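Values quoted throughout were computed directly from the atomic coordinates according to the rules given, and no laboratory measurement underlies them. For clarity, every value in this text was computed on a predicted model and none was experimentally measured. Neighbour counts run over all protein chains shown; Cβ positions are idealised from the backbone, glycine included.
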Number of protein chains: 2
Amino acid sequence: MNGAESLIRSFVDSGVRCCFANPGTSEMHLVQAIDAVPQMRAVLALFEGVCSGAADGYGRMTGIPALTLLHLGAGLGNALANLHNARRASTPLINVVGEHAIHHVAYDAPLTSDIEAVAKPVSAWIRTATSSTGLAEKGRAAVRAALAPNPNPIGNVATLIVPADCAWGEGRAAEEGPIAPGARPRVPDDVIDASAAQLNEHSVLLLDGVALSEPGVRAAGRIAAATGCKLYSSTFPARVESGPGLPAVTRLPYFPEQVLEVLKDVRVLMLAGAEAPVSFFAYRNLPSNLVPDGCTVVRLAHRHDDVVGALVALADDLDAPHAGHVVEAARPDLPRGALSTANVARILAAMAPEHCIVATDSGGGGAAYPVMQRAVRNSWLNLTGGSIGQGGPAATGAAIACPDRQVFALLGDGGAMYTIQCLWTQAREGTKVVTVVYSNRAYNILEVEYRRLGINDIGKTAASLFDLSGPEIDWVGLAHSMGVPGARASTCEAFVLALQRGLESDGPYLVRADV
Amino acid sequence: MNGAESLIRSFVDSGVRCCFANPGTSEMHLVQAIDAVPQMRAVLALFEGVCSGAADGYGRMTGIPALTLLHLGAGLGNALANLHNARRASTPLINVVGEHAIHHVAYDAPLTSDIEAVAKPVSAWIRTATSSTGLAEKGRAAVRAALAPNPNPIGNVATLIVPADCAWGEGRAAEEGPIAPGARPRVPDDVIDASAAQLNEHSVLLLDGVALSEPGVRAAGRIAAATGCKLYSSTFPARVESGPGLPAVTRLPYFPEQVLEVLKDVRVLMLAGAEAPVSFFAYRNLPSNLVPDGCTVVRLAHRHDDVVGALVALADDLDAPHAGHVVEAARPDLPRGALSTANVARILAAMAPEHCIVATDSGGGGAAYPVMQRAVRNSWLNLTGGSIGQGGPAATGAAIACPDRQVFALLGDGGAMYTIQCLWTQAREGTKVVTVVYSNRAYNILEVEYRRLGINDIGKTAASLFDLSGPEIDWVGLAHSMGVPGARASTCEAFVLALQRGLESDGPYLVRADV
């Protein structure tokens, strides 16, 4: 058994079962090892940003790290933007990056680069193997690192760099057995007690991370019922369990002036796995810190604490009822006429099956959240790190993780183009992903932001940098070219028909929504 | 005048005229500045790897740095793979990367990351602006860094990080006037003299960098005529001027055993802007260093030296004739019947117009080089850093740099998918790029490399990681979806017709070559 096989066996033994791969020559022994270990599923992507985004979606849905298999520093570079999103999501994820054989690095062959340096901005843990016999243990250490609860900015991306000679040399089996997620520190009783005294109808309980899991939101709903506090999530939580039968959790809005408006009469902002809200970008006349004067920030639990335990303890401390206020099911009627972002949301909410998964990195997708929350139980995956091109890959990985659930990818036309190669992987794997592309033929958010600078007369060159209309992208043709059927809709009626076809399909489907 | 406008004006004043852009909110003042300075051309790309690859192609053709305009660390990350290629090519190139306002960084908003750390593996020069008044001078310093001759591994990529407040604050004009490329050290006379004594029919003069410019290869041809030495280029030079009327320069082959075979009877290997050949990857039973025993390596000039001057001085020292052996024009006949990689090369060589530009990152493209060299004057752009997905963007940038020349992008189907968004920019800009996709529905090189491990029985999972046939990519439909017309060819006759249509087009065209 060579080092590569010892590594893949140690991953499988630890509980890791899926690898999103775009290998090259330096990874051939790793490919051979994956071939030899059938418990490891290999999913090919044609661009590394799809690998990392899919591994992020997979990890968010399972809590188990997926592997990416990447080709030296350049392959890792292509994966970097979605690894940034995964880091911000605290998603467990392991990059396995091939490297030249140790003796070969000094020759500075064309693909040589400082892989650890490339990994550094996104990785909580980085190791370069130094021997074939030590490789399997390094693999287990990577799994432990991916499963160790960490504060948000550090994340849970582990990067293991594997020189080719460590892969091809004689391996040694690692310690056996599954690896469980690391323990989360328990929040002390005095913090719980002090928190209980501070919540009332002038308070907001701000949830993020595992606080937005089903037990987390259920406990938060009890707290809200007992105290009258309002429940919000951060603007971009990694995953939210929501829908009828669960408490309503409102997303904090995106623009800083909107957040300030939401919080303007709030006396206590209590953080449960969340951080105090800050502006997504800096603006000349707006603060970075979005906590208004007169609002006190209280920390119930850090993201890496036992946040759910703290919420349950707080609810119990408050003698809260065992069922808090929950959302009652309210499927909207199907709208008619011209299609709009709002109508897309209504139709999705009217037609989406129970227990669907939604991955979105677009404003249009975000607008669908409150409507969907009232209509159908869902797992909602947001763009955590602000780097668009995440929704499609994340949907792909989520569908591979949860083959029995319908997945939606709600994408802007600008964002979808960064990682459009995900459609090919969806077709190959037969994933049940319905992609909705909000086709407004623009980087619309940029035009909005540009106007926020006070410029209403947009010059020709600036306009050209926001404009996707020349040429217009034929989304249905683009999907077809990668094996994904689809249809275009400019009216509500057409969108309903297209969505129906997508939901009836056994595999992926794309709907172009002209909004 | 704000800092952003002072920066763009300083770039224009320094001689920089083109910006390949994929901006976001933090770059809005820079967009406004580009809008205000009409001498700066802005070219939108829908993925940052297209920006960096296009800037690489532009810089190779003009010797003048183009800008990329990128959105924080995530945008720079997406550009990284082609920046790695640009670094290896010593292409002058300037990344302008937006960053949060200085006061905002500490709030760790979602897009915050360590941008300098992302830039480090690819950049010879990195600065983060600290004031709006100093921004314009930092821009000039970036131009100087991009134009300073550097050794190969350091490259000429300069990265200027611009916090939003440095862009929106009051600017100050920089020193005025164009910036010329930095001086290249002259090679001492004693090195020239010593070199002259060592060349004969058992020698190879190995050329790279500016040695492969027209004056460089002309001087090398004189040296070959005077001494009988053979002329080779490195396997992946950034740009080669070749064709009838110029001396023949053979590329060193790709696989290490092939290089060892070429050099086996060579007594002296003289380096002119090149490095001694090393294996692209490490193999268990092959050396990294490909200089055989008994072959002496002699350095005429480093890549950052005045390599052309050294070659001319050496030719003069040898009293070499003023016209060396040159290639005589020999357009091949058009082949007939089934299409193959070799037949694609013959047809290209038969039909390509004079002074065309070829950008390629594929084995098929590489195979066309010797045939094209005998047929037509061309500028040949190779994949310098081994990260595929470079040919299409480089062709795009080269076409924008040289609108009067026909450009060819010779791409593998695997490689083309990484940065396929370049087709949209080609359509928008009306670039004269004919893209040939060698559609073998496989990562063929990986299967070859896998077999080189001694494995001839490729398992199902391994095979799935080399296979692009399920689903088969409809290249013509894919191109059409982004506004690029095209045709599919399975025979020589069909390829000739398709190529003819492409050459007659005023804009881009794609030919799928089933090989």
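What the table below lists for this structure:
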quantity: Fewest-first sequence of B:V204, B:V433 by Cβ atoms within 10 Å of each Cβ; calculated: B:V204, B:V433
quantity: Selection of GluC sites (Glu not before Pro), the range A:108-216, meeting DSSP coil and at most 14 other Cβ within 10 Å; calculated: A:E175, A:E176, A:E201
quantity: Kirkwood-type radius of the range B:397-515, with distances r between different C-alpha atoms, in Å; calculated: 15.3 Å
quantity: Relative compactness, the protein assembly as shown, computed as alpha-carbon Rg over 2.2 N^0.38 Å; calculated: 0.94
quantity: Estimated distance in nm for a label pair at B:R284 and B:D114, the labels positioned 7 Å out from Cα along Cα-to-Cβ; calculated: 3.8 nm
quantity: Label 7 Å beyond Cα on the Cβ vector: B:A338 copy-to-copy distances, nm; calculated: 5.7
quantity: Using a Förster distance of 22 Å, the FRET efficiency for B:D193-B:A276 (Cβ separation, nearest 0.05); calculated: 0.50
quantity: Packing-based ranking, highest mean first, of B:359-369, B:84-94, A:339-349 given that Cβ atoms within 10 Å are counted; calculated: B:84-94, B:359-369, A:339-349
quantity: Label-reachable residues, the range A:216-258, where backbone N falls under 20 Å from a point 7 Å from A:R267's Cα toward its Cβ; calculated: A:223-232
quantity: Distance (nanometres) between label positions extended 7 Å along Cα→Cβ at A:E257 and A:D333; calculated: 3.5 nm
quantity: Inter-copy spacing of A:T491 label points, which lie 7 Å from Cα along Cα→Cβ, given in nm from shortest upward; calculated: 4.6
quantity: Label point distance in nm, A:A323-B:R299, each placed 7 Å from Cα along Cα→Cβ; calculated: 8.0 nm
quantity: Hits among aspartates and glutamates - C-alpha to C-alpha of B:K264 under 17 Å, sequence gap 8 or more where chains match; calculated: B:E201, B:D293
quantity: Dipole of chain A [Lys/Arg +1, Asp/Glu -1 at C-beta], most positive-end residue of A:G391, A:V191, A:A248; calculated: A:A248
quantity: Average Cα contact separation per residue, the range A:145-292, under 8 Å, 6 or more apart, as relative contact order %; calculated: 21 percent
quantity: At R0 = 22 Å, FRET efficiency that the Cβ-Cβ distance of A:E214 and A:D316 yields, to 0.05; calculated: 0.80
quantity: Residue-span extension gain [B:R451 to B:T491] - 0.36 nm each, minus C-alpha spacing; calculated: 11.5 nm
quantity: Helical contribution to [θ] at 222 nm, DSSP H n ≥ 4, -39,500 (n - 2.57), averaged over chain A, rounded to 500; calculated: -11500 deg cm²/dmol
quantity: Span from the the range B:195-229 Cα centroid across to the the range A:441-515 one, whole angstrom; calculated: 55 Å
quantity: Cα-Cα P(r), chain B, percent of pairs per 10 Å interval; calculated: 4, 19, 27, 26, 17, 6, 1
quantity: Fewest-first ranking of B:F495, B:F255, A:F280, using other Cβ atoms within 10 Å as the exposure measure; calculated: B:F255, A:F280, B:F495
quantity: Percent breakdown of C-alpha pair distances by 5 Å bin, ordered from the shortest bin, for the range A:45-131; calculated: 3, 16, 26, 25, 16, 9, 5, 1, 0
quantity: Relative contact order (%) - chain B, alpha-carbon pairs under 8 angstrom, separation at least six; calculated: 14 percent
quantity: Dipole of the range A:63-145, positive direction: furthest Cα of A:A129, A:I64, A:V97, with charges on the beta-carbon; calculated: A:I64
quantity: Inter-copy separations for A:K264, label at 7 Å along Cα-Cβ, nm, ascending; calculated: 8.4
quantity: Relative contact order %, the range B:398-492, counting alpha carbon pairs below 8 Å whose residues are six or more apart; calculated: 30 percent
quantity: Peptide A:28-36 - average C-beta neighbours from other chains (10 Å radius); calculated: 6
quantity: Burial ranking of peptide ranges B:325-337, A:404-416 (average Cβ count within 10 Å, highest at the top); calculated: A:404-416, B:325-337
